[in-house]
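Reading through the structure tokens given below for one structure.
The values are calculated or read from the model by the stated rules, or taken from the named source; none is laboratory data. Keep in mind that this is a model prediction, so the values were computed, not measured. Here the Cβ positions follow ideal geometry from the backbone for every residue, glycine too, while neighbour counts run over all protein chains shown.
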Amino acid sequence: MIRVAVSRADLEVCVAINNAVNPDGPATVDQLDASSGSFLVHGDDGYAYLDRSSVPGAAFAMVRVREESRRRGQHLMPQPGDRLPFKGVEAEVVSAAGVLVSKPLRGGGQPNSACATLEEQDEDGTENFRSIGVRFTFGAFKFVDLGDLSGNTLGMLVCPINLVGEASVYLVSHHGNYDTDVPAVLAALKPQVAIMNNGLTKGGAPTAFVNLHRQPGLELWQMHASRNDGAQNAEDFFIANVDDGASAYWIKLRANDDGRFTMFNSRTGFVKQYLPKARAPRPLENNAK
């Protein structure tokens, strides 16, 4: 197995705070040299949602790092519309602390006919709606990561108009749980690739798979083969981990500023290159006097 070691983070973006993804969160956080970089969170008052009885470990370890970064003057709380300090890449915040960007990003603003399918969803009572969502742009390549946004908040980003624009790659929000099954999102983003950061049974809802596989021109890559009943997993070479959780294979994405990008599965060695999205031809200019 190939391992990737990260010992220093120049910029740590905490899109959401919970203990469900990484039960070893405290150890992971303690190993990072977070004091040498900046730590971004979605707002101070979000920590009122944390309850030691229900969210042990990782979330509070993240809070400790947050406090240390604040003490060193490296604590950042981005607002929707802000640009994060990444070199060579444009990183625009589309959501933070429960607030969404107020006007379309460049390339967005189109009406979304798929909004007719949007349904009101019950709120889950967590801090997921406060997630930091970011669109990364590298030339013609666009990557959209909406953290754990789900349900109504997720829908509001693309309805009645698309505030985010299209994406080359979409990191499926909230691990592909049932509350991310919002067809209007995929219709707006029109990604070539969707990456589902799911686990054995975490995320990977059957309805989310149906929606993803239904999207024209979309290929799904997964962090783990889902064992949820009814899950329509992608083909084996698109899945990083297929065992009971003992392995930790990864997916690598390498992008070019012309819109080309390559996906690599560290378990299988499978590599696939994607060409830029076809662009609509520019209208001919009328030079008649």
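Can you pull out every residue in segment 221-269 that is in contact with a Phe, Trp or Tyr (Cβ under 7 Å, 6 or more places away or on another chain) and farther than 26 Å from Glu90 by Cβ?
Selection gives Gln222, Ala231, Gln232, Ala234, Phe237, Phe238, Ala240, Asn241, Asn265, Ser266, Arg267, Thr268.
The conditions are (1) surrounded by fewer than 16 Cβ atoms within 10 Å (Cβ to Cβ); (2) outside any helix (DSSP H, G or I); (3) of a type in the set (A, V, I, L, M); (4) at pLDDT 95 or above, and Ala288 fails exactly one of them. Which is it?
With respect to (1) surrounded by fewer than 16 Cβ atoms within 10 Å (Cβ to Cβ); (2) outside any helix (DSSP H, G or I); (3) of a type in the set (A, V, I, L, M); (4) at pLDDT 95 or above, Ala288 is out only on (4).
Yes or no, residue by residue, for (1) buried (at least 23 other Cβ atoms within 10 Å of the Cβ); (2) modelled with pLDDT of 90 or more; (3) touching a Gly at 6+ places or on another chain (Cβ under 9 Å):
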position	(1), (2), (3)
Gly125	no, no, no
Asn128	yes, no, yes
Gly133	yes, yes, yes
Ala140	no, yes, yes
Gly165	no, yes, yes
Gly176	yes, yes, yes
Val185	yes, yes, yes
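Just name the residue that is farthest from Tyr178 (Cα to Cα) out of those in segment 208-224 that are surrounded by fewer than 19 Cβ atoms within 10 Å (Cβ to Cβ) and hydrophobic (A, V, I, L, M, F, W, C).
My answer is Leu218.
Provide a single number: the residues in segment 165-191 that are of a type in the set (S, T, N, Q) and under 15 Å from Arg135 (Cα atoms).
Counting residues in segment 165-191 that are of a type in the set (S, T, N, Q) and under 15 Å from Arg135 (Cα atoms) gives 2.
If I go through segment 189-204 residue by residue, how many of them are touching a helix residue (DSSP H, G or I) at 6+ places or on another chain (Cβ under 7 Å) and either crowded, with 23+ Cβ neighbours inside 10 Å or outside the structural domain of Thr268 (by TED's automatic domain parsing) (or both)?
Total satisfying the criteria: 5.
Would you confirm whether or not segment 170-183 contains a residue that is assigned by TED's automatic domain parsing to the domain that holds Phe261 and farther than 21 Å from Met223 by Cα?
yes
Kindly state which strands (runs of 3 or more DSSP E) lie completely within segment 194-277 and contain at least 2 residues that are within 18 Å of the chain's Cα centre (by Cα).
Ranges flagged: 219-224, 239-241, 251-255, 261-265.
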